Amino acid sequence: MPANPRLTRSNAPRPKVGIVHLGPGAFFRAFNAPFTSEAVAKSGGDWGILTVSLRSPDIRDKLKPQGCAYTSVTLAPDGAQYTVIEVINGILVAPEDPRAVLDTMADPDVKIVSLTVTEKGYCYNSATGGLLLGHPDIAHDLAHPDAPKSAIGYITHALNLRRMAGVAPFSVLSCDNLPNNGPLTRAVVLDFARAFDADLADWIATHCRFPATMVDRITPATTQSDIDALAAAQGYVDNACVMHEPFRQWVITDDFVNDDRPDWGAVGAQLVSDVEPFELMKLRCLNGTHSTLAYLGYLAGYETISETVADPAFARFITTLWADEIIPTLPQPEGEDLTAYTQSLLRRYQNPAIRHKTWQIAMDGSQKLPQRLLGTLSDNLKAGRDIAGLSLAVAGWMRYVGGVDEKGAPIDVKDPLAAQLRAAYDSHDTPESKVAALLAIRDVFPAGLAENATFRAAVTGAFTQLCANGARATIQGMT
Ligand code: CS2
């Protein structure tokens with residue numbers, strides 16, 4: 001049989017580049033790029049995207065040979081839909097040519113710099129919300145304006161080039177799952193700018209805009225078998241394809257420099273004056289239970305989220321968690337019914353076509369726990385509400401970062417603090433002292449929460465049970 005040809009880009013005219021996007025990962029290709037492509041198709045505008053990988057050449061090597069076109073595969077329980085996306089005009093690998101990245105970001109035609117660089121890409125301290133000035137990449141970037149490494153370094157130095165050239169700033173659009181991601185990005189950029197040049201900080205504070213966003217589409221990492229299945233279905237090879245669920249939701253604060261942005265509202269994005277209630281809803285209901293299912297599901301031996309929630313005890317557990325411990329902490333986002341929202345989340349998790357690995361979601365827990373679980377816990381403690389389920393989730397994370405599963409096999413823990421977490425876990429023998437050692441890590445647990453006696457007792461009790469009985473029996477005992 002002849003081999004399938006590689007996907008190639010059509011000859012359709014390309015809009016000029018108006019967006020630089022940092023972080024060309026699967027989520028960007030499944031979410032931001034299709035939204036922008038549809039907005040351009042519907043309402044026009046020079047909103048081609050130049051995307052930048054801050055580290056690895058992998059995605060560039062996959063996208064470039066196909067002219068940066070790729071397939072967005074929508075996986076519904078009853079079948080797949082294929083859309084070729086051609087809105088990416090080019091891709092740069094920052095370490096290969098930092099100057100080219102800065103020059104593109106400084107180009108007056110670029111109106112927006114958006115980013116999906118994951119939680120750790122912001123180099124921020126979750127307790128203070130400020131920039132980690134001692135972070136090695138930040139220290140490097142302050143000393144090397146021509147060759148930064150971090151997203152924050154690129155953004156601030158590119159804004160400086162625009163200021164020097166008398167060009168208006170771009171809007172900075174964070175699309176990561178962080179609380180108040182727009183103001184948070186503004187705070188770290190201003191911290192960086194202040195450490196570099198106080199006048200630059202003033203200029204950014206006055207002229208730049210940092211709209212907040214809530215982004216949502218479940219997008220597992222693409223696997224070789226996804227690429228093979230696409231080739232079998234469509235007759236071409238696309239190494240940069242992305243697989244995602246049908247659902248998507250994008251809520252954006254409508255606050256851009258010169259009101260310049262693609263017409264995302266025409267293709268379903270919600271442009272609002274206050275994103276925060278939507279962000280809290282999504283971070284706490286979706287990401288909070290995603291992480292809960294990731295740790296406890298992994299420990300119970302489940303490979304994916306859909307397998308985990310196919311276990312009725314787990315489905316009951318998160319349903320109760322939503323109702324008793326999460327929804328009561330939330331302000332009402334306009335137009336949302338929170339109970340219906342969580343019911344539809346459970347259906348999204350159940351989609352068997354989405355093979356979202358518990359191991360993938362378990363990554364970087366030290367960066368995710370604060371906004372996904374710990375804020376919710378603190379709110380419940382203040383209000384005197386139940387915390388049993390959320391405490392079990394935190395105990396699941398603790399058991400997981402210990403690095404050995406329930407059968408005694410090693411767990412490949414991916415986390416910037418992995419070594420520190422493992423050391424804290426291993427340097428103590430009893431469940432009580434292991435929990436105490438982990439709660440003492442201030443980069444994860446704020447003092448007020450870590451020292452709360454009710455919380456300590458609940459996490460210690462849950463962790464002891466997990467160690468004695470395993471995750472599945474513990475969950476079953478709770479429901
Ligand atoms: C997940 C998210 O990997 C994770 O931590 O919880 O990527 C989740 O799938 C998205 O936020 C859904 O919008």
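Here are the numbers:
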quantity: Relative contact order computed over the chain (Cα-Cα under 8 Å; 6+ residues apart), in percent; calculated: 14 percent
quantity: Using a Förster distance of 22 Å, the FRET efficiency for Lys42-Phe247 (Cβ separation, nearest 0.05); calculated: 0.65
quantity: Shape category assigned to region 276-478 from the gyration tensor of Cα positions, a/c cut at 1.5; calculated: oblate
quantity: Amide H partners (placed H, <5 Å) of Leu92, local residues excluded; calculated: Thr51, Val52, Ser53
quantity: Rounded to whole Hz, the Karplus (6.51, -1.76, 1.60) HN-Hα couplings of region 462-474, x for glycine and proline; calculated: 5, 5, 4, 5, 4, 5, 7, 10, x, 5, 5, 5, 5
quantity: Unit charges on C-beta of K, R, D, E only; dipole of the chain, Debye; calculated: 520 debye
quantity: Karplus-derived 3J(HN,Hα), 6.51/-1.76/1.60, for each residue of region 253-270, Hz, glycine and proline x; calculated: 5, 7, 9, 10, 4, 6, 6, 8, 6, x, 7, 4, x, 6, 10, x, 5, 9
quantity: Normalised contact order of region 371-449, rounded percent, pairs of Cα under 8 Å and 6 or more residues apart; calculated: 22 percent
quantity: Proximal lysines relative to Lys64, as straight alpha-carbon distance under 18 Å, when same-chain residues fewer than 8 apart are discounted; calculated: Lys16
quantity: Rounded to the nearest 20 debye, dipole of region 160-245 from Cβ charges on Lys, Arg, Asp, Glu; calculated: 420 debye
quantity: Counting DSSP beta bridges with both ends in the chain, the antiparallel % (nearest 5); calculated: 35 percent
quantity: Relative contact order of region 17-272, defined on C-alpha pairs under 8 angstrom at six or more residues apart (%); calculated: 23 percent
quantity: Rounded if a/c under 1.5, otherwise prolate or oblate - region 219-307, Cα gyration tensor axes; calculated: oblate
quantity: Asp386-Ala221 FRET efficiency (beta carbon distance; Förster radius 22 Å; 0.05 resolution); calculated: 0.05
quantity: Built amide H within the under 5 Å cut-off of Ser171, gap 5+; calculated: Ile112, Val113, Val257
quantity: Charge dipole (the chain, unit charges on Cβ, about Cα centre) - positive-most of Leu374, Pro262, Gln224; calculated: Gln224
quantity: Fraction of antiparallel bridges per DSSP, region 1-109 only, in percent to nearest 5; calculated: 40 percent
quantity: Sulfur and carbon atoms: percent of accessible area, region 388-469 [1.4 Å]; calculated: 55 percent
quantity: Region 17-272 - charge dipole about Cα centre, Lys and Arg +1 at Cβ, Asp and Glu -1, debye rounded to 20; calculated: 160 debye
quantity: Residues listed by number, region 275-316, amide nitrogen under 17 Å from Asn469 label point at 7 Å toward C-beta; calculated: 296-297, 299-301, 312-316
quantity: Förster-model FRET efficiency, 45 Å R0, Ile411 and Asp199, C-beta, rounded to 0.05; calculated: 0.40
quantity: 3J(HN,Hα) from dihedral phi, region 45-57, Karplus parametrisation 6.51/-1.76/1.60, rounded to Hz, x for glycine, proline; calculated: x, 8, 10, x, 10, 9, 9, 10, 8, 7, 10, 8, x
quantity: Rounded, prolate or oblate (a/c below 1.5 giving rounded, otherwise prolate when a/b exceeds b/c) for region 219-374 by Cα gyration tensor; calculated: oblate
quantity: Region 17-272: antiparallel DSSP beta bridges as a percent of all, rounded to 5; calculated: 30 percent
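The values are calculated or read from the model by the stated rules, or taken from the named source; none is laboratory data. Note that the structure is a prediction, hence the values are computed from the model and not measured. We place every Cβ from the backbone using ideal geometry, glycine too, and count neighbours over all the protein chains shown. Surface areas here come from the heavy atoms of the whole protein model, side chains and all, with no ligands, DNA or RNA. Shrake-Rupley method; radii C 1.70, N 1.55, O 1.52, S 1.80 Å.
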